[in-house]
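The values are calculated or read from the model by the stated rules, or taken from the named source; none is laboratory data. Computed from a prediction, not measured in an experiment: that's the story for all the values here. Methodologically, a virtual Cβ is constructed for each residue, glycine included, from the backbone with ideal geometry; neighbour enumeration extends over all protein chains shown.
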Amino acid sequence: MSALNKHRKSRTMTYAIAMLICMMVSLSANAQSTTDSVFLSNASEVIFKCNETKITPKYYNYLIKDVVPSLRVLGKNSIIIGRSAASPEGPYLNNKRLANGRRETIKSIISREGIDVDRIRFDTAIEEYALLVEMMRQNNDPDYEYVKAVVDSCGNNDILTKSILKKAQNGALFPRLKFQYFPQLRAVRIMVYAVPEESMINAVALQPVERIKGDFTYPVLVTEPEVDYESIPRREIFSIKTNLAMYGAYVPKYGYCPMPNVSVEYYPRHGHFAWQGDFDCPWWIGNTTNHKYFELRNYTLESRFYTRSSNKSYTNGLPNGKAAFKGFYLSAYTHAFLYQIGCNKDDGWIGEGIGAGIGLGYVFPLSKRNQHWRLEIGAQAGYFITKYDPFVYGCPVENIEDGLYYYDYTGDADLFKKRQYRFNWFGPTRVGITLTYDLFYRRIAKKGISFKRWEKKGGAR
């Protein structure tokens, strides 16, 4: 009983009830000391598919034809123990949803068959590590001792347990456990206690069991890890941004020329890389009085490598509200553009181009408390090539101004070809003082995105 004493100071009354039940069962001549090994070997089990709460036809038939009839013949002097579980690979809140949903599925089916489900003392193993350890022991798994030590040392903190196991053996252990054992953990298991005297059951009020850890005698009351579901922040997945420096652009001969622009950056769940798309769209259409036109469309795709790992935005497997991608980054980009620029009646150009280059920058949150508003400072350099044609106001051949613009060409019209001029550039291509706001956030309990940066209580319920 030493494992129970571990929590006695904080939950004296609760464990007193649990210990009294265990003592009564063990004193009964026909009672069993039901441990994880006995439970695993003798319980009826209904296995669910990954990320599913719906029962398959195979196990539905098994439940109706085998389990329900065995429950019907039980007398009132019996305790029915059920354990609903999820395997550990997904997000914690989603595993909670799965474990609870699988329990309700089984309760609903057997209730329709006339079984009093209130007699079943269900516990919910959000992430089933106790039976994982027992399965490994029965298989003489070479990593049994290590996994058992991790589970025991972490107590009831499933999030910490998973975090340690994922890092073990340079990340090789967890995928093996997932392949070899996890499918059997996605289950609801039911087992019966036979107690000869109903008065023994009524002597103590049985409390619902929320967790089972270790090789304890059942039923046991152990609490879930303390997680404040109301205040779990979500991780950013998309941000929207604009380069403030471009609104102060000055173009020789043309003058002040603000350049509206918008960017969207995508943040993966883990790692150092992020991806961004930019769209620059100054479209200032002048007139024949000032002959000023600045019409530009620039499309850019960029890949970024942040030196700080995005894993630091998680604490014990859950987002901690910190910006995932910040600090220094290196980038590589490619872009394509088209333009029509007129500075006066004699200086105009129309053309298209492509380019590529690299960049360096630094991103920092605007406040420590709210890191969803950020500022980044960066610069890019590279190479681009453009093919273009100059144009002028009025016909250059007849030297008349008729209110139209013409290519600046005076040769034989039959020999004219578009884009006869070329300009190459190698050097600085962009500077940025960019304001960033996280627009969409990654859901924790299920797939999808949201505008809200906090997860609601109960995740996806």
| Looking only at segment 337-383, which residues are farther than 30 Å from R453 by Cα and among the hydroxyl-bearing types (S, T, Y)? | Y339, Y383
| request: Please give the number of the condition D438 fails out of (1) in a strand (DSSP E or B); (2) surrounded by fewer than 16 Cβ atoms within 10 Å (Cβ to Cβ). | output: (2)
| Which residue out of S108, S87, S37 is polar (S, T, N, Q) and either modelled with pLDDT under 85 or more than 30 Å from R443 (Cα to Cα) (or both)? | S37
| query | What residue, of G101, G90, is in contact with a Cys (Cβ under 9 Å, 6 or more places away or on another chain) and in the same structural domain as S70 (by TED's automatic domain parsing)? | reply | G90
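Being closer than 30 Å to L165 by Cβ and surrounded by fewer than 18 Cβ atoms within 10 Å (Cβ to Cβ) narrows it down to one of R137, R112, so name that one. Quick ask: steps written out before the conclusion?
Working: R112 fails: closer than 30 Å to L165 by Cβ.
One residue alone meets the criteria, R137.
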| message | For segment 290-316, give me the residue count where each residue is within 30 Å of K167 (Cα to Cα), out of contact with any helix residue (DSSP H, G or I) (no Cβ under 9 Å at 6 or more places or on another chain) and in a strand (DSSP E or B). | response | 4
| message | I need the full set of residues from segment 233-245 which are more than 15 Å from Y299 (Cβ to Cβ) and surrounded by 14 or more Cβ atoms within 10 Å (Cβ to Cβ), in order please. | response | P233, R234, R235, E236, I237, F238, S239, I240, K241, T242, A245
| field | helices (runs of 4 or more DSSP H) within segment 137-252 that include 1 or more residues aliphatic (A, V, I, L, M) and either within 30 Å of Q380 (Cα to Cα) or modelled with pLDDT of 85 or more (or both) | value | 144-154, 158-167, 173-180, 182-185
| remark: Going through segment 62-79 in order, the residues found to be outside any loop (DSSP other than H, G, I, E, B) and surrounded by fewer than 19 Cβ atoms within 10 Å (Cβ to Cβ) are Y62, I64, K65, D66, V68, P69, S70, R72, S78
| message | For segment 267-289: of the residues being surrounded by 15 or more Cβ atoms within 10 Å (Cβ to Cβ) and not in a loop (DSSP other than H, G, I, E, B), which is farthest from the chain's Cα centre (by Cα)? | response | W284
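Quick one: in segment 383-412, of everything that is β-branched (V, I, T) and under 20 Å from N290 (Cα atoms), which residue is modelled with the highest pLDDT? Break it down stepwise before answering.
Keep residues of segment 383-412 that are β-branched (V, I, T), which gives 385-386, 392, 397, 400, 410.
Checking the rest, the ones that are also under 20 Å from N290 (Cα atoms) come to 392, 400.
Values: V392: 93, I400: 86.
This residue is V392.
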| message | Can you tell me which of (1) in contact with a Ser or Thr (Cβ under 9 Å, 6 or more places away or on another chain); (2) within 17 Å of K54 (Cα to Cα) is the one S108 doesn't meet? | response | (1)
| query | Quick one: what pairs do we get from segment 383-395, first residue closer than 20 Å to A332 by Cβ, second β-branched (V, I, T) and assigned to a strand (DSSP E or B), C-beta under 9 Å, 6+ apart or different chains? | reply | Y383/T429; F384/I354; F384/T429; I385/I354
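Looking at segment 115-134, which of the residues that are touching a residue at least 40 places away in the same chain (Cβ under 8 Å) and over 36 Å from the mean Cα position of the chain (by Cα) is surrounded by the most Cβ atoms within 10 Å (Cβ to Cβ)? Step through it out loud before you land on a result.
As a first pass, look at segment 115-134 and keep what is touching a residue at least 40 places away in the same chain (Cβ under 8 Å): 115, 119-134.
With over 36 Å from the mean Cα position of the chain (by Cα) added as a condition, the list becomes 115, 119.
On the way: I115: 18, R119: 16.
Looking at the filtered set, the residue picked out is I115.
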| task | Could you name every one of the strands (runs of 3 or more DSSP E) located completely within segment 320-395 that has at least 1 residues being polar (S, T, N, Q)? | result | 327-344, 373-395
